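Every number in this text was worked out from the coordinates using simple rules, so none of it is lab data. Note that the structure is predicted; figures quoted are calculated from it, not measured. Quick reminder, even Gly has a Cβ in these numbers, built from the backbone with ideal geometry, and neighbours come from all protein chains shown.
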Amino acid sequence: MTEDLKSSAQEFLVRYGGDQFPELFTSAKGSIVVDVKGREILDFTSGQMCATIGHNHPAILTALEEAGEKAVHMFSGMIPEVVVKLAEKLSSWLPSPLKKSLFVSTGGESNEAALRMAKMFTGGYEVIALGGSWHGTGAGASAVSYASDRRGYGPSMPGTYVIPEPNAYRCPIEHCRDVCDQTCLKVGMNMFDMASRGEGAAIIAEPILSAGGVIVPPQDYFKTLKAEAHRREMVLVYDEAQTAFGRIGVPFGAEYFDSVPDIMTVSKTLGGGVPLAAVITTDTIEANVHEKGFTFYTSHVADPLPAAVGLAVLATIEIENLVLKASEKGAYLRARLEDLQQKYEAIGDVRGAGLLLGVELVKDRESREPDHELGAVTTRRCFELGLSMNIRRRPERGAVWRIAPPLTVKESEIDQGVDVLDRALGESQIKLKKNMVRGMSIL
Ligand SMILES: Cc1ncc(COP(=O)(O)O)c(C=O)c1O
């Protein structure tokens with residue numbers, strides 16, 4: 001049966017990118033995913049960065065059941081009670097003046113909605129994003145995503161611009177080393193001004209650039225970015241797909257950087273694994289675009305089932321005190337990773353916030369040449385030893401493990417994961433040295 005399904009997977013599924021795993025998977029619970037052979041694998045990616053309260057949390061299952069009894073889906077023009085409850089709850093989490101929400105299904109979709117809103121509000125169409133960003137795969141969101149492969153899909157949206165990302169470890173303009181002085185931002189905005197048609201709409205940014213290699217901008221970066229946006233009559237959009245609701249040890253990136261955007265999108269961590277996302281804005285912007293006829297009408301806008309789950313996720317984060325736990329466990333995990341850094345010259349940098357951590361691999365600490373081969377071999381070995389980790393591989397921009405277990409992860413699971421990483425890294429270095437002697441490459 002298992003082997004049959006594996007060959008059916010080859011026969012009937014479109015291959016959509018990403019890693020290939022040797023077995024199919026059957027179930028997930030807490031910080032563990034299980035494959036068809038019954039092998040338990042520690043999940044340090046929280047699924048696709050969504051399962052902050054752990055896989056299949058009982059609160060999510062109860063919400064699904066309740067939605068099953070009441071309503072799963074409705075005509076998009078009907079507003080289910082539970083959607084209003086979620087909007088109200090969300091506003092109690094949000095930094096002022098963010099207040100009004102529109103609920104959709106995915107992160108990419110929420111960014112499409114945010115960009116449409118920004119364009120209608122400002123009357124412009126030009127959008128700036130940061131190098132290394134990832135905002136989704138739709139036409140608008142992929143146009144402003146620079147961590148993804150842009151080749152082969154035809155023209156991008158007109159009016160999209162990229163500015164260099166504030167990566168202190170690997171400065172994209174080769175100006176800073178270890179402390180970003182934001183020259184990248186000045187240069188980027190000057191280049192934008194040269195190219196702009198004077199029709200600015202938005203700057204969109206992840207508070208911590210995750211797919212780009214867990215890049216944490218300097219503390220006052222977003223205050224400057226907001227001022228630069230407003231000076232050009234553009235709005236600032238934060239894509240908090242990964243940073244919202246406690247992952248980074250505070251409720252939002254907006255709080256971490258003490259700078260509130262004009263529009264915020266949240267997604268992955270709101271549904272805890274169920275497709276749910278939101279675009280959130282101020283009374284002023286909502287009223288303005290409503291007046292101009294704003295529409296974002298989809299089959300699943302304001303659906304009751306995901307809203308019920310969103311309410312359950314937020315309640316669980318509150319009841320289980322997960323924002324504080326992310327900060328405490330993040331500090332513990334980080335300390336353990338920093339110990340590994342003492343042991344392995346190949347770990348050039350450990351960075352991040354809360355339980356969104358990055359570990360960058362280099363051939364040597366002086367040149368900082370990325371060690372993609374060590375990254376690939378170690379990631380594979382970790383999986384063999386029961387730890388699932390995600391490595392961000394960008395040719396000139398580093399090999400970075402993104403380490404982000406659920407916020408409910410136990411200290412013993414952190415220890416187990418780091419011990420596996422330690423063993424896998426040691427073994428992989430030995431294997432690669434042997435191969436080097438034999439003149440072989442594993443990549
Ligand atoms: C920061 C960020 N924004 C948006 C997205 C897209 O979200 P989705 O895959 O739900 O469309 C992602 C996905 O990884 C993301 O990391």
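How much of the pair distance distribution for the range 264-356 lies past 24 Å, counting alpha-carbon pairs only, in percent?
48 percent
Lys/Arg Cβ at +1, Asp/Glu Cβ at -1, dipole of the chain taken about the Cα centre: which of Gly132, Leu324, Leu5 is farthest positive-ward?
Checking the options against the dipole of the chain, the answer is Gly132.
Quick one: of Lys363/Lys431; Lys6/Lys37; Lys363/Lys434; Lys99/Lys223; Lys343/Lys410, which pairs are farther than 18 Å apart, Cα to Cα?
Lys99/Lys223; Lys343/Lys410, as the Cα separations exceed 18 Å there.
For the chain, modelled as a Gaussian network with Cα springs under 10 Å, which listed residue fluctuates most, Tyr332, Tyr297, Tyr146?
Tyr297
Enumerate the aspartates and glutamates that Lys100 could reach by cross-link, defined here as Cα to Cα under 13 Å, with residues fewer than 8 away along the same chain left out.
Here the aspartates and glutamates satisfying the reach criterion relative to Lys100 are Glu88, Asp262, Asp283, Glu286.
What is the sum of charges around Ala346, taking Lys and Arg as +1, Asp and Glu as -1, for the other residues whose C-beta is under 10 Å from the C-beta of Ala346?
-1
So how far apart, in nm, are the two label points at Asn321 and Asn56 if each is 7 Å from Cα heading toward Cβ?
2.8 nm
Suppose a student asked you for the relative contact order of the range 58-319, using Cα pairs under 8 Å spaced at least 6 residues apart; what percent would you report?
With pairs under 8 Å counted, the relative contact order is 30 percent.
Would you mind telling me which residue in Ala376, Ala211, Ala114 has the biggest mean-square fluctuation in a Gaussian network model of the chain, where springs connect alpha carbons within a distance under 10 angstrom?
Largest GNM mean-square fluctuation: Ala376.
How high is the relative contact order of the chain, in percent, with contacts defined as C-alpha pairs under 8 Å that are six or more residues apart?
20 percent
Using DSSP to define loop residues, name the trypsin sites (Lys or Arg not before Pro) in the range 184-272 whose beta-carbon has at most 12 other beta-carbon atoms within 10 Å.
The qualifying sites are Arg197.
At most 11 other C-beta atoms within 10 Å and a DSSP loop state: those are the exposed GluC sites (Glu not before Pro) I care about. Give me the longest piece of the chain that has none.
In short, 175-365.
Quick one: of the DSSP bridges fully inside the chain, what percent are antiparallel, nearest 5?
Numbers: 35 of 53 bridges.
Looking only at bridges with both residues in the chain, the antiparallel portion is about 65 percent.
Could you give log10 I(q)/I(0) at q = 0.10 Å⁻¹ for the range 60-197, computed by the Debye formula over C-alpha point scatterers of equal weight, without solvent?
So the normalised log intensities are -0.52.
Run the quick spin-label model on Asp4 and Ser91: label points 7 Å from Cα toward the beta carbon, then report their separation in nm to one decimal.
For the pair Asp4/Ser91, the computed spacing is 5.4 nm.
I want the antiparallel fraction of DSSP beta bridges within the range 58-319, as a percent rounded to 5.
40 percent
Mean residue ellipticity at 222 nm from the helices of the chain, using -39,500 (n - 2.57) per DSSP H segment of n ≥ 4 over the full residue count, to the nearest 500 deg cm²/dmol? Could the numbers behind the result be given before it?
Working: 15 runs with 182 residues, N = 443.
So the calculated ellipticity at 222 nm is -13000 deg cm²/dmol.
Please work out the Cα center distance from the range 327-382 to the range 117-185, rounded to the nearest Å.
25 Å
Could you work out how far apart the two model spin labels at Ala227 and Val187 are, taking each label as a point 7 Å from the Cα in the direction of the beta carbon, and quote it in nm?
Reported label-point gap for Ala227 and Val187 is 2.1 nm.
Please report Rg (one decimal) and Dmax (integer) in Å for the Cα set of the chain.
When restricted to the Cα atoms of the chain, Rg and Dmax are 21.8, 70 Å.
Considering just Cα atoms, how many Å³ per residue does the convex hull of the range 58-319 enclose?
For the range 58-319, the hull spanned by Cα atoms encloses 129 Å³ per residue.
Using the Cα centre of the range 58-319 as the reference point, and only Cβ charges (+1 on K/R, -1 on D/E), how large is the resulting charge dipole? Debye, rounded to the nearest 20.
Working: 20 positive and 29 negative charges, 80 e Å.
I would put it at about 380 debye.
Please compute the length gained on full extension between Glu66 and Ala331, using 0.36 nm multiplied by the number of residues separating them and subtracting their Cα-Cα distance.
Residue separation times 0.36 nm, minus the Cα-Cα distance, leaves 91.7 nm.
Could you give the length gained by full extension between Arg365 and Ile173, i.e. 0.36 nm per residue of separation minus their alpha carbon distance, to one decimal place?
So the extension gain works out to 67.2 nm.
FRET efficiency for Ile79 and Val437, Cβ-Cβ distance as r, R0 = 60 Å, nearest 0.05?
Computed FRET efficiency for Ile79 and Val437: 0.35.
Can you tell me the relative contact order of the range 154-285? Whole percent, Cα pairs under 8 Å, sequence separation 6 or more.
RCO, the range 154-285: 17 percent.
Run through the range 114-174 and list the trypsin sites (Lys or Arg not before Pro) located in a DSSP loop whose Cβ has at most 14 other Cβ atoms within 10 Å.
Qualifying residues, ordered by number: Arg150, Arg151.
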